[in-house]
Amino acid sequence: MATIDVNGKSYETDEEGYLVDLSQWNEDVGGYLAQTEGVAMTEQHWEVVNFLRDYYNEFQIAPAVRVLTKAIGKKLGPEKGNSQYLYELFPYGPAKQACKIAGLPKPTGCV
Amino acid sequence: MLHIINKSPLDRNSLETVLTTATGGSILLIEDGVYGATKGNACEGKLKAAMGKFKVYALQGDLEARGFADRVTDGVTTVDYAGFVDLVADSKTNQSWL
Amino acid sequence: MSDIKKFMFVNRKAPYGTIYALESLEVVLIAAAFEQDVSMAFLDDGVYQLKKGHATKGIEVKGFEKTYGALEDYDVTKLYVDQESLDARGLTADDMCVPVEVMSRAELGKKMDEQDVVLSF
């Protein structure tokens, strides 16, 4: 089990760097995880990350990319609910990278 | 004797076998066994008929987990984990019907 | 992905007592993410999976009732529930946590015949 240190506090992660206990998450941890992914967080990035956290709270899963794209389109509008927009924000996969930053487990169906 | 059952009565026949084999004592329903203590279940009649012979208990946490806390068959006593321990401690012998 | 197959997941086990229900749900979400034509059948103790109001804090297990609510986002809307199984358990369609189609065993059997792949849990 690996750990990361943020603001003097230690957090457990799995071998791929996903936070083990999502209840420990806060924006500083999110910011740190973003750095490890090489993502410079903007308001648009946070919007997706917060959307994912809300989705997880409601359904207890991290959605697959296709589902995430559709659900974001429904809530935030079609200009954001498309894979081009999401891949520009998270080049190595919106579900995978944004989930990690949001402190969620790897999406179901994500290999 | 305390009989502990953890299988759904409509999936396995553990409850049925206890009711027809054991001479009396207490029955504690846990895990999927708690479905046997829910209103409207096909085994409800048999369980109620056996209540003169057996005292029937069901584990509260398992009822809650399955969404049946508010549908427990009349005459069944719900217990928490501490109550589970008391039942085991108070009976001379226990049998888990696997 | 042009080769879309009809997949049916047949659920006959209660949740939490065994791992089957959760495993089935996860495989359904994976299959649906690959844009297959997925349906789910619930019969025998499987109907308990959809019983409203799971509160799993006491048994310290992660509840997954809420996840059935995400099936719609995955375009899994064909949820077939056996009437006879509901009756034997004192349940009705109103007890289900998501919209379902309640049908007889005979109708359910016909739905099974229409599938390319049937997976049993």
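The values are calculated or read from the model by the stated rules, or taken from the named source; none is laboratory data. Quantities reported herein were computed from a predicted structural model and do not represent experimental measurements. So basically every Cβ, Gly included, is an ideal-geometry build from the backbone, and we count neighbours across all protein chains shown. Protein only, heavy atoms only, side chains kept; ligands, DNA and RNA dropped before computing areas. Shrake-Rupley method; radii C 1.70, N 1.55, O 1.52, S 1.80 Å.
Given a 1.4 angstrom probe, I'd like the percentage of the accessible area of chain B that is carbon and sulfur, rounded to a whole number.
Of all accessible area on chain B, carbon and sulfur atoms account for 51 percent.
So, by mean Cβ neighbours within 10 angstrom, what's the order for B:7-19, B:72-84 with the highest one leading?
B:7-19, B:72-84
Please work out the Cα center distance from the range B:1-54 to the range C:68-84, rounded to the nearest Å.
32
Whole-Hz ³J(HN,Hα) for each residue in the range A:14-28, computed from phi via Karplus 6.51 cos²θ - 1.76 cosθ + 1.60 with θ = phi - 60°, x for glycine and proline: what do you get?
7, 5, 9, x, 7, 4, 6, 10, 5, 6, 7, 5, 8, 4, 5
Given a cut-off of under 8 Å on Cα pairs at least six residues apart, what relative contact order in percent is computed for chain C? Intermediate results must be reported in sequence, preceding the final value.
Values: 196 pairs, mean separation 42.9, N = 121.
Once normalised by length, the contact order is 35 percent.
Under 23 Å from the Cα of B:Lys46, which lysines turn up, not counting those fewer than eight places away in the same chain?
Candidates past the 8-residue exclusion: B:Lys7, B:Lys55, C:Lys13.
Enter the accessible area of C:Ile4 (Å², nearest 10), with the probe set to 1.4 Å and all protein chains included.
100
Per-residue ellipticity at 222 nm for chain B, helices alone: DSSP H runs ≥ 4 residues times -39500 (n - 2.57), over residue total, nearest 500 deg cm²/dmol?
-8000 deg cm²/dmol, from helical runs alone.
Please compute the net charge surrounding A:Gly93, taking Lys and Arg as +1 and Asp and Glu as -1 over other residues with Cβ under 11 Å from its Cβ.
With Lys, Arg at +1 and Asp, Glu at -1, the neighbours total +2.
Accessible area per residue for the range B:2-97 in Å², computed with a 1.4 Å probe and the full protein assembly in place, what is it?
Result: 44 Å² per residue.
Based solely on its DSSP helices, what 222 nm [θ] is calculated for chain C when runs of n ≥ 4 H residues each add -39,500 (n - 2.57) and the sum is averaged over all residues, nearest 500 deg cm²/dmol?
Computed mean residue ellipticity for chain C: -7500 deg cm²/dmol.
State the percentage of accessible surface on the range A:2-101 attributable to carbon and sulfur atoms; use a 1.4 Å probe and exclude ligands, DNA and RNA.
Details: 2380 of 5060 Å².
The C+S portion of the solvent-accessible surface of the range A:2-101 is 47 percent.
Each residue of the range A:77-84 in turn: what ³J(HN,Hα) in whole Hz from Karplus with 6.51, -1.76, 1.60 and θ = phi - 60°, glycine and Pro shown as x?
x, x, 5, 9, x, 9, 5, 4
Nearest 100 Å² is fine: how much accessible area is buried between C and B, summed over both sides, with a 1.4 Å probe? Don't jump to the answer; show the numbers that get you there.
Details: alone 7050 and 5220 Å², together 10760 Å².
In total, chains C and B hide about 1500 Å² from solvent.
What lysines does A:Lys70 reach when the alpha-carbon gap must be under 24 Å and sequence neighbours fewer than 8 apart in one chain are set aside?
Cα-Cα hits under 24 Å: A:Lys80, A:Lys96, A:Lys100, A:Lys106, C:Lys5, C:Lys6, C:Lys66, C:Lys78.
Pull up the DSSP beta bridges for the range B:2-97 and report the antiparallel fraction as a percent, rounded to 5. Walk me through the numbers before you get to the answer.
Working: 1 of 17 bridges.
Around 5 percent of the beta bridges assigned by DSSP in the range B:2-97 are antiparallel ones.
Counting only residues 5 or more places away or on other chains, whose amide H sits under 5 Å from the amide H of C:Val118 once H atoms are built in the peptide plane?
For C:Val118, whose amide H was placed from the backbone, the distant partners under 5 Å are C:Met8.
Between A:Val6 and residues 5 or more places away or on another chain, which pairs have amide H atoms under 5 Å apart, with H built 1.01 Å from N, and which residues are they?
Here A:Tyr11 satisfy the definition.
Residues of C:88-94, mean number of Cβ from any other protein chain within 10 Å of their own Cβ, rounded to a whole number?
4
Exactly which trypsin sites (Lys or Arg not before Pro) in the range C:67-121 are in a DSSP loop and have at most 14 other Cβ atoms within 10 Å?
Qualifying residues, ordered by number: none.
Using Cα centres only, tell me the gap between the range A:52-81 and the range B:73-95 in whole Å.
Each part's Cα centre sits 46 Å from the other's.
Using a 1.4 Å probe and counting only protein heavy atoms, how much accessible surface gets buried when C and A come together, both sides summed, in Å² to the nearest 100?
Summed over both sides, the interface buries about 1400 Å².
Work out the mean other chain Cβ neighbour count within 10 Å for the residues of B:36-43 and drop it here as an integer.
3
Solvent-accessible area per residue for chain A at a 1.4 Å probe radius, Å²?
Ligands and nucleic acids excluded, the result is 50 Å² per residue.
Could you estimate the translational diffusion coefficient of chain A from the Stokes-Einstein equation, with Rh from the Kirkwood formula over C-alpha pairs, at 20 °C and 1.002 mPa s, in whole µm²/s?
For these conditions, the coefficient is 154 µm²/s.
What does the charge count around C:Ala33 come to, taking other residues whose C-beta lies under 12 Å from its C-beta (Lys +1, Arg +1, Asp -1, Glu -1)?
-2
With the contact rule set at Cα under 8 Å and sequence spacing of 6 or more, what percent relative contact order holds for the range B:2-97?
Taking the mean separation of contacting Cα pairs over the length of the range B:2-97, I get 33 percent.
Just the accessible area for C:Phe7, please: 1.4 Å probe, Å², rounded to the nearest 10?
40
Hey, any idea what % of chain C's accessible area is carbon plus sulfur with a 1.4 Å probe?
Numbers: 2810 of 5650 Å².
Ligands and nucleic acids excluded, carbon and sulfur reach 50 percent.
Work out Dmax and Rg for the protein assembly as shown from the C-alpha atoms and quote the Rg first, both in angstrom.
Computed over the Cα atoms of the protein assembly as shown, radius of gyration and Dmax are 23.3, 71 Å.
Residue by residue through B:57-68, how many Cβ atoms from other chains fall within 10 Å of the Cβ on average?
The mean count of partner-chain Cβ atoms within 10 Å per residue comes to 6.
Mind checking which aspartates and glutamates have their Cα closer than 17 Å to the Cα of A:Lys74? Skip sequence neighbours fewer than 8 apart in that chain.
Those aspartates and glutamates meeting the cut-off are A:Glu47, A:Asp54, A:Glu58, C:Glu72, C:Asp73, C:Asp75.
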